[in-house]
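Structure record follows, encoded as structure tokens.
Every number in this text was worked out from the coordinates using simple rules, so none of it is lab data. Since the model is a prediction, treat every value here as computed from it, not as a measurement. Cβ coordinates were reconstructed from backbone atoms using ideal geometry, including for glycine residues, and neighbour counts include every protein chain displayed.
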Amino acid sequence: MTKDSGFKKLVRQQMAATGQSYTAARAAIYRPATDVVLPLTRRVFGLKTSYAAAFDGGSAGDGIGAGEYLFRPMVGQGRSANVFHENGARLCLRPDGSGVAQPAYATPECDSIVELVAAERAGDEIFARLAIQAEESLASEGSPAALAVSRLGAAQSESYLIASAVAPERYLRLLEPFLATRWVYDGVTVRPTPQASLAAASFADESRYRRLKITGVDPGLSQLATFVRVGATEQVLRLAESPVEVSVDHRGRTRSAGAVRAQRAYLAAARRIRRRPEDDIILDAWQAALDSHEDSQASTLIATASQIETAVDLPPQTTRARLRGLFIKTAKDHRRDFTLDWVHLKLNDAAIKTVRCLDPLDASLESAEWLITSISGPPA
């Protein structure tokens, strides 16, 4: 099922602020830049995964929960439980359904799906290392407890950079039957119903880009399933950005045969779009997944152990995540006080406090490079 509540919320906010009609408010929000080439040749992707942290065989002496204990080293360094890592990713604690604080990990912006898979698996490794540190701390406090961290099912979200020049309704309309049938190669036994919406926060220059978010995704266990899922979804976004039309038979899409038929219609349409070098690999993997119905359980590795190890500490070098990661590392190395989010880099003791990185695809913004270079100098 597809939802456009994020888009409608933006329009209502514009209407309330200006008194405009719905049509006028919508037009005011979408003033697309004219230099964006469609379909997009580059796009950033992101995955956010929710985890469950739990003690086994004991508890913390001060009675705090496992998630809070896991994050204690970061909080002890003067940071909040919402922190960006040197690889450009975001780690945070968020309440689960019962109000217990549980960890979550959002990958840095990636413009390669292979890099995205490595960045996602890096999150598992980061939490595994934090769990080891936590158990060592528990032992030093005299507690026999172990601390386990595991992924939660149907608790992943996907983010995609999309073009402001394309009406959001076109993206959402094409995604609805696609998402309803994507389960056929997702590697999940329970079929979640992913929901697509326009995110209220684009984290980008809104004259050029918006952010599309898909929630309720089961992360699965296979790297190949993630690669095919994200790759096929990006191909549907490229369809929305092109004049190519796709005709999908909605009948029987809850059955395997009907779902495969619908996915094949999307695949055939995607093959008619102007290709990039990486598209053939993605389209062939999509084809193979539909042919076998078993690829989601395959042991094929998309990202090697070495790539995952690199992704734990090093951000992607071709997106603004490079600037964020370099900023964090340099500021820490020089013991400078800083704050940041997905867009802003801020030295709290500097005369020029904040740099905005509004293009997720820009890995070498001059003002950000200058700010990072200035860190090694004395505070202003």
> So, counting K/R as plus one and D/E as minus one, what does the shell of residues with Cβ under 15 Å around Arg121 add up to?
Replying inline: -2
> Restricting attention to region 193-261, which GluC sites (Glu not before Pro) occupy a DSSP loop and are surrounded by at most 14 other Cβ atoms within 10 Å?
Replying inline: Glu245
>> Checking the cross-link filter: which aspartates and glutamates have an alpha carbon closer than 14 Å to that of Lys332, excluding same-chain neighbours under 8 positions apart?
In response: Glu86, Asp313, Asp349
> Where does region 320-374 land on the Kirkwood hydrodynamic radius, alpha-carbon pairs, in angstrom?
Replying inline: 10.9 Å
>> Could you tell me the calculated FRET efficiency between Lys9 and Glu136, based on Cβ-Cβ distance and R0 = 56 angstrom, to the nearest 0.05?
In response: 0.80
>> Distance cut-off 26 Å, Cα to Cα: go down the list Lys8/Lys346; Lys8/Lys353; Lys9/Lys48; Lys9/Lys213; Lys9/Lys353 and report the pairs above it.
In response: Lys8/Lys346; Lys8/Lys353; Lys9/Lys353
> Which whole-number percentage describes the relative contact order of the chain, with Cα contacts under 8 Å and a sequence gap of 6 or more?
Replying inline: 21 percent
> Residues with beta-carbon under 15 Å from that of Glu309, excluding Glu309: net charge, scoring Lys, Arg +1 and Asp, Glu -1?
Replying inline: -4
>> Could you sort the peptides 259-268, 327-336 by per-residue average Cβ neighbour count (10 Å cutoff), highest mean leading?
In response: 259-268, 327-336
> Under the definition of Cα pairs under 8 Å and six or more residues apart, what whole-number percent is the relative contact order of region 43-137?
Replying inline: 32 percent
> For the chain, modelled as a Gaussian network with Cα springs under 10 Å, which listed residue fluctuates most, Leu301, Leu116, Leu224?
Replying inline: Leu301
> With labels modelled as points extended 7 Å from the Cα through the Cβ direction, what inter-label distance (nm, one decimal) is found for Thr193 paired with Arg129?
Replying inline: 4.1 nm
>> Around Asp280, under 15 Å between beta carbons, what's the net of Lys plus Arg minus Asp minus Glu among the other residues?
In response: +2
